[in-house]
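Right, one structure below, let's go through it.
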Amino acid sequence: MSRILNLINVQLRRNSAAYPGTAGLPLRTICCTARKQAEERWDSSRWKDRADTVIIGGGCVGVSLAYHLAKSGMKDVVLLEKTELTAGSTWHAAGLTTYYHPGINLKKVHYDSIKLYENLEAETGQAVGFHQPGSVRIASTPARVDEMKYQMTRTHWHVTSQYLIGPEKIQELFPLLNMDKVLAGLYTPGDGHIDPYSLTMALAAGARMYGAQIYNPAPVTALNPTTDGKWDVQTPQGTIRANRIVNAAGFWAREVGKMIGFEHPTIPVHHQYVVTGTVPEVKALKKELAVIRDLEGSYYLRQERDGLLFGPYEKMEKMVLQDSWVRDGVPPGFGKELFESDLDRIMEHVEMAMDMVPVLKKADILNIVSGPITYTPDLLPMVGPHQGLHNYWTAIGFGYGVIHAGGIGKFLSDWIRNGEPPYDLIECDPNRYGKWTDVPFMCAKARESYGFNNVVGYPKEERFAGRPTSRTSGVYELLKDKASMGFHAGWEQPHWIYKPGDDTAYKPSFRRTNWFGPVGRECRLVMEKVGVIDLTPFGKFIVKGRDSHKLLDRLFANTMPKVGQTNISHMLTPTGRVYAEVTITQVAPGEFLLITGSGSELHDLRWIGTEAALGQYDVSISNVTEDIGVLGIAGPNSRKVLQKLTDEDISDAGFKFLHYRSIRLADIPVQAIRISYTGELGWELYIDQKNMAAVYQAVMEAGKDEGIDNFGTYAMSSLRLEKGFRGWGAEMNCDTNPLEAGLDFFIKLNKPGDFIGKAALQEIKAKGLKRKLSYITLDTDNIDPEGNETVWHNGKVSMYLWFLLTLTLLNTHMCFGVCLHLFRFMCFDHIWASAHSRDWLFFPVT
């Protein structure tokens, strides 16, 4: 090891002497920085004072967006870069590209990126240095093999290919591996790496070719919204009036956001990778090595010319955040600089890499690159329009900017031009964060996310750093030691409830695990007795004013409920896809209470607010999510329990289904709606947060004789699926229309109002559906479907089927649910039901 350390020091000194200011860079990056920049310098005669879209930031993501917008025909696209294109994180990136992603939606982003990069050189005449030797994710433990099998159940219907391969094929793709620990691999053909600098220059050439303007150096000094929804973008060279602005400023994104009052939760982290000199065994190879990702070693490794490049992800306790930049801002002039490398921090991974690839032991270490990359708390980027200010968009927080750049550029371009996202990507919605995302939380989660880069990706994973946030319900203190808590948009919410004798540890698994029995117990509780659940994470809005009814009639496909009544309504996109599902109650004339899912709070509020502004509706819209707590009570005994606490008539005739009343429970004011997502008799109780604990305790005391107890979201999800209740983000989203999802009852195509998406939906209905949500049954054992699994028929992937799959286990009194279809598979929880005979209907699509 001492020999390696000496070699590193010697080689770094040699490199610094040969290329001043470039110590630590891979060879191809040194070559790029040594020659003159290929980008055009602009002169004042080309300055535009008006633009349709102004993009702030000239990394690969921002330049990709400029390229896609200009290519699509948008005029007056302007990109402003404060120093040089690629400054920040792009220029020193390792440049990995892969079709793989454990999620479903981001696979589309990766696919679009790679397909663009394959043809970009021919289109622009600019070389991009794209290599596609494929990649292999290495499994060296049984849990990793399970993870790969799990991922393989979710492939084949997608446009990208991946294969589970054995040691022999792995060694063929990477003959320099030590195979002693290798059990299997997930192989993705077409993966590889690209030169980030050359990629960005090619995108810039293409953007200019199609009419975009790129100005640099042109730092943005101020952003001012105008009364008509436009923006004045100030620079030292002048001011540009823009219809919209897009923050694509990389690790400067937080500073750009602060100009307009936002504290974007992005933070730079130190990432290091090692570049070797020539390795004789590599030089002797007849074809390029596949990229490998040693998941247990937590590093990637690829060929770099005749040597190797490998980059580790340290554990969370060892990794380094550049948190001073959050506090003090990025140092002036920082752009194409690096941090001092720290070999000690990554030595554990270096040793594992040398064990897996023994030729590294003899390799000369040429460079150690340590540069800033941007993380969000959950590692996913923030992409799309931002709630709170009209026509402000973000494309920030990219920990993997190179593979995301091409696809995100296309995704945002399509959204900007068409007024709706081309497909569902809510996991990257910038509005998933709110004021609860403070700096301590951001730092704790970014540290955790970096350290967990290569952990096993179990279903229903929970991560615990930074929790709880400021968002806790009025009953959190009463429940926190009784339940396994889940994290929902900053809130803590019970997933399942502990009982004496239960194994209460967090035990994620690809098989049935310790919560399976308790969830069944909770389902029986609600079906046979009465249960209480904390539903406080719901998003809650009040819309009122002279035009409130008119606005909501425009936004929603259902008719508006009468005063004192409730309904389920859906906001659709212009092309008729489901943007949101909302419970609407008219609590007083012209005053509506809107309830949405926890993960959709600001996502839905932005859509509502945008339409209100565009239509100049006379309304007020208040977000009361954190002010109001919610308790759900459900089960055949729920009426008996509530009746003990109120003088109001809550009989079936006195308090009908989907009706609203303002009542008093235990002499505390409560807004009660007779509705339950479990499908059982029940109510949702909306309570001032400060009174929530008192109402909860009164309900629990009153229900003792009726067998009352708590239940969690796992049981609620199971019960709602058994009843066939749909859920946004599962059976419906921006990839589906409501007719496919069986929501015909809630879609009033004959209502007088011209709601958004009505014309498109009428056309879809006239042409006939190509797929429809259906039910089938399936037998299984200890390994249950989790969602997104492929449907096979006669040995082939069923190309036009979309199923809700329901499994009945007659001997265990259990059911399991999962939805599957060709293009978008949804993730559900377990369904529980009694084992009596039942008919599950299967509707073939013809």
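The values are calculated or read from the model by the stated rules, or taken from the named source; none is laboratory data. A quick note: this is a predicted structure, and the numbers were derived from the prediction, not measured. Don't worry about glycine lacking a Cβ; one is built from the backbone with ideal geometry, like all the others, and counts go over all protein chains shown. Ligands, DNA and RNA are stripped out before the accessible areas are found, and what is left, the full protein with its side chains, is counted by its heavy atoms. Shrake-Rupley method; radii C 1.70, N 1.55, O 1.52, S 1.80 Å.
At a Cα cut-off below 16 Å, give the lysines reachable from K758, other chains included and same-chain residues fewer than 8 away excluded.
K550, K748, K767
How much length would be gained if the chain were fully extended between E317 and L478, taking 0.36 nm per residue of separation minus their Cα-Cα distance, in nm to one decimal?
This chain segment gains 54.8 nm when fully extended.
Taking the highest mean first, how do the peptides 279-289, 166-176 order by number of other beta carbon atoms within 10 angstrom per residue?
166-176, 279-289
At 0.36 nm per residue, and after removing the present C-alpha to C-alpha distance, how many nm does the segment from S324 to K644 gain when stretched out fully?
109.5 nm
Using the per-residue mean of other Cβ atoms lying within 10 Å as a proxy for protection, in what order, highest first, do the peptides 616-622, 303-309 fall?
303-309, 616-622
About its Cα centre, what dipole magnitude does the stretch 168-210 give when the only charges are +1 on Lys and Arg Cβ and -1 on Asp and Glu Cβ, stated in debye to the nearest 20?
Magnitude of the dipole: close to 200 debye.
Highest mean first, what order results for 527-536, 154-163 on Cβ atoms within 10 Å?
527-536, 154-163
Tell me, what is the per residue accessible area of the stretch 370-435 in Å², probe radius 1.4 Å?
24
Rounded to the nearest 0.05, what FRET efficiency is calculated for E84 and L164 with R0 set to 45 Å and r the Cβ-Cβ distance?
0.55
Please give the FRET efficiency for D705 paired with V624, using the beta carbon to beta carbon distance and R0 = 35 Å, rounded to the nearest 0.05.
Efficiency, from the Cβ-Cβ distance: 0.50.
Keeping every protein chain present and rolling a 1.4 Å probe, give me the accessible area per residue for the stretch 659-712 in Å².
Ligands and nucleic acids excluded, the result is 38 Å² per residue.
At a probe radius of 1.4 Å, what is the per-residue accessible area of Y111, in Å² to the nearest 10?
Estimated to the nearest 10 Å², Y111 gives 70 Å².
What are the residues whose amide H is under 5 Å from the amide H of G277, where those residues sit 5 or more places off or on another chain and H is modelled from the backbone?
When sequence neighbours closer than 5 places are left aside, the close amide H contacts are D364, I365, L366.
Please compute the net charge surrounding Y660, taking Lys and Arg as +1 and Asp and Glu as -1 over other residues with Cβ under 11 Å from its Cβ.
+3
In degrees between 0 and 90, to the nearest 10, how far off the longest principal axis of the chain does helix 196-209 point, with axes built from Cα atoms?
Around 80 degrees separate the two axes.
Accessible area per residue of the stretch 146-256 at 1.4 Å probe, in Å²?
Here the residues of the stretch 146-256 average 35 Å² of exposed surface.
Could you check the simple spin-label distance between D306 and R511, using points 7 Å along Cα→Cβ, in nm with one decimal?
It is 5.1 nm.
In whole angstrom, note down how far apart the Cα centers of the stretch 572-638 and the stretch 243-286 are.
36
Compute the angle between helix 439-451 and the longest alpha-carbon principal axis of the chain, please, reported from 0 to 90 degrees and rounded to the nearest 10.
Compared with the principal axis, the helix lies near 60 degrees.
Calculate the length of the line joining the C-alpha centroid of the stretch 108-144 to that of the stretch 487-555, in whole Å.
About 39 Å separates the Cα centre of the stretch 108-144 from the one of the stretch 487-555.
How much mean residue ellipticity at 222 nm does the chain get from its helices, if each DSSP H run of length 4 or more adds -39500 (n - 2.57) and you divide by all residues, to the nearest 500 deg cm²/dmol?
Helices in the chain give a 222 nm mean residue ellipticity of -8000 deg cm²/dmol.
Magnitude of the Cβ-charge dipole of the stretch 97-143, K/R +1 and D/E -1, about the Cα centre, nearest 20 debye?
Dipole size: approximately 280 debye.
What does the extension gain come out to for E591 and K765, with contour length at 0.36 nm per residue minus their alpha carbon separation?
Additional length available on full extension: 59.4 nm.
In 10 Å bins starting at zero, report the fraction of Cα pairs in the stretch 485-631 per bin as a rounded %.
10, 33, 27, 18, 10, 2
If you count only protein heavy atoms and use a 1.4 Å probe, how large is the accessible surface of S470, to the nearest 10 Å²?
90
State the percentage of accessible surface on the chain attributable to carbon and sulfur atoms; use a 1.4 Å probe and exclude ligands, DNA and RNA.
Roughly 52 percent of what the probe reaches on the chain is carbon or sulfur.
Net charge near R144: determine it from the other residues with C-beta under 12 Å of the C-beta of R144, scoring Lys and Arg +1 and Asp and Glu -1.
0
Treating cross-link reach as a plain straight distance, find the aspartates and glutamates whose alpha-carbon is under 14 Å from the alpha-carbon of K770, omitting any fewer than eight places away in the same chain.
Within the straight-line limit of under 14 Å, K770 reaches these aspartates and glutamates: D735, E740.
Any lysines with Cα under 24 Å of the K230 Cα? List them, leaving off those in the same chain fewer than 8 positions away.
Result set, ordered by chain and number: K48, K71, K75, K82, K258, K410.
Over 18 Å between Cα atoms: which of K644/K704; K283/K362; K318/K362; K482/K723 fall into that group?
K318/K362; K482/K723
Would you list H131, H270 from the most to the least accessible area, probe 1.4 Å?
Order by accessible area, largest first: H131, H270.
Using a simple charge model, +1 on the beta-carbon of Lys and Arg, -1 on the beta-carbon of Asp and Glu, nothing else, what dipole does the chain show about its Cα centre, in debye to the nearest 20?
Computed about the Cα centre, the dipole is about 1320 debye.
Quick one: if you stick a label point 7 Å off each Cα along the C-beta vector at D744 and Q237, how many nm between them?
A separation of 5.8 nm, rounded to one decimal place.
Between beta-carbons, use under 12 Å as the cut-off and find the net charge around R241, counting Lys and Arg +1, Asp and Glu -1.
So the environment of R241 carries a net charge of -1.
Note the angle between two axes, namely the Cα long axis of helix 692-702 and the longest principal axis of the Cα atoms of the chain, as a number of degrees from 0 to 90, rounded to the nearest 10.
With rounding to tens, the tilt is 50 degrees.
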